[in-house]
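Engineer: Here you go, one structure.
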Amino acid sequence: MSEHKAVIRWELSGTDFCKGQYSREHVWAFDGGFEVPASPSPAVVRAPYSNAAHVDPEEAFVASIASCHMLTFLHLASKEAIEVTAYEDEAVGVMTKNERRVPWVSAVTLRPRIRYGARTPDPAQESRLHELAHEQCFISNSVKTAIVVEPRKENDHA
């Protein structure tokens with residue numbers, strides 16, 4: 001098996017830590033030296049203690065699910081000689097409260113728009129590829145969040 005690591009760095013910046021008056025901005029560092037500015041969502045922690053311009057954990061969670069689905073879909077399509085020339089997903093995660101009243105990302109909807117080369121799958125083939133991608137995606141197999149795939153057509157800009 002493999003290991004996947006991330007380094008999370010934060011330092012105190014603010015007027016009173018014990019009263020919650022401190023910045024939650026931090027950095028995610030990944031192998032290869034890539035760093036991502038991160039922060040809680042302003043929906044969870046109000047500004048100035050959060051930064052809406054940074055990636056928040058909930059967005060990253062949604063992106064991780066969407067990215068894994070896409071990579072798995074591309075792999076499966078390539079194995080069937082179905083050329084994908086572009087893939088865009090406007091994924092959305094919804095936070096609700098669970099039975100203990102704790103907020104969680106309870107559902108993620110993937111809305112991929114895919115452009116194909118010369119060989120375009122029919123709707124049934126494309127649906128089967130999405131089902132297989134969902135079944136084989138490492139991330140979707142790792143979470144209890146409900147994941148729904150709603151493919152969009154190339155001219156669907158909603």
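Engineer: Please find, within the range 93-114, the residue that is nearest to Ser64 (Cα to Cα) out of those that are free of Cβ contacts under 8 Å to residues at least 12 places away in the same chain and of a type in the set (Lys, Arg).
Structural biologist: Among them, the one singled out is Lys97.
Engineer: Would you confirm, using the coordinates I've provided, whether His134 is touching a Ser or Thr at 6+ places or on another chain (Cβ under 8 Å), outside any strand (DSSP E or B) and of a type outside the set (Asp, Glu)?
Structural biologist: On the way: touching a Ser or Thr at 6+ places or on another chain (Cβ under 8 Å): yes; outside any strand (DSSP E or B): yes; of a type outside the set (Asp, Glu): yes.
In short, yes.
Engineer: Glu99 fails exactly one of the following numbered conditions: (1) at pLDDT 95 or above; (2) in a helix (DSSP H, G or I). What is the number of that condition?
Structural biologist: Exception for Glu99: condition (2).
Engineer: Quickly run through the range 31-75 and pick out the residues that are in the same structural domain as His130 (by TED's automatic domain parsing) and polar (S, T, N, Q).
Structural biologist: Ser64, Ser67, Thr72
Engineer: I'd like the full set of residues that are surrounded by 10 or more Cβ atoms within 10 Å (Cβ to Cβ), at negative phi and assigned to a loop (DSSP other than H, G, I, E, B), limited to the range 7-30.
Structural biologist: Trp10, Ser13, Ser23, Arg24, Glu25, Phe30
Engineer: Exactly one condition in (1) surrounded by fewer than 14 Cβ atoms within 10 Å (Cβ to Cβ); (2) modelled with pLDDT of 95 or more; (3) not in a strand (DSSP E or B) is not met by Val36; state its number.
Structural biologist: Result: Val36 fails condition (3) only.
Engineer: From Glu83, Glu131, Glu99, grab the single residue that is under 30 Å from Ser41 (Cβ atoms), assigned by TED's automatic domain parsing to the domain that holds Ala63 and of a type in the set (Asp, Glu). Show your work before the answer.
Structural biologist: Working: Glu83 fails: under 30 Å from Ser41 (Cβ atoms); Glu131 fails: under 30 Å from Ser41 (Cβ atoms).
Every option except Glu99 fails the conditions.
Rundown of residues vs (1) assigned to a loop (DSSP other than H, G, I, E, B); (2) exposed (fewer than 10 other Cβ atoms within 10 Å of the Cβ); (3) basic (Lys, Arg); (4) modelled with pLDDT of 95 or more, yes/no style:
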position	(1), (2), (3), (4)
Glu3	yes, yes, no, no
Gly32	no, yes, no, no
Ala43	yes, no, no, no
Ala53	yes, yes, no, yes
Ser64	no, no, no, yes
Leu74	no, no, no, yes
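The values are calculated or read from the model by the stated rules, or taken from the named source; none is laboratory data. Keep in mind it's a predicted model, so treat the numbers as computed, not measured. Using ideal geometry, Cβ is built from the backbone for each residue, glycine included, and neighbour counts are taken over all protein chains shown.
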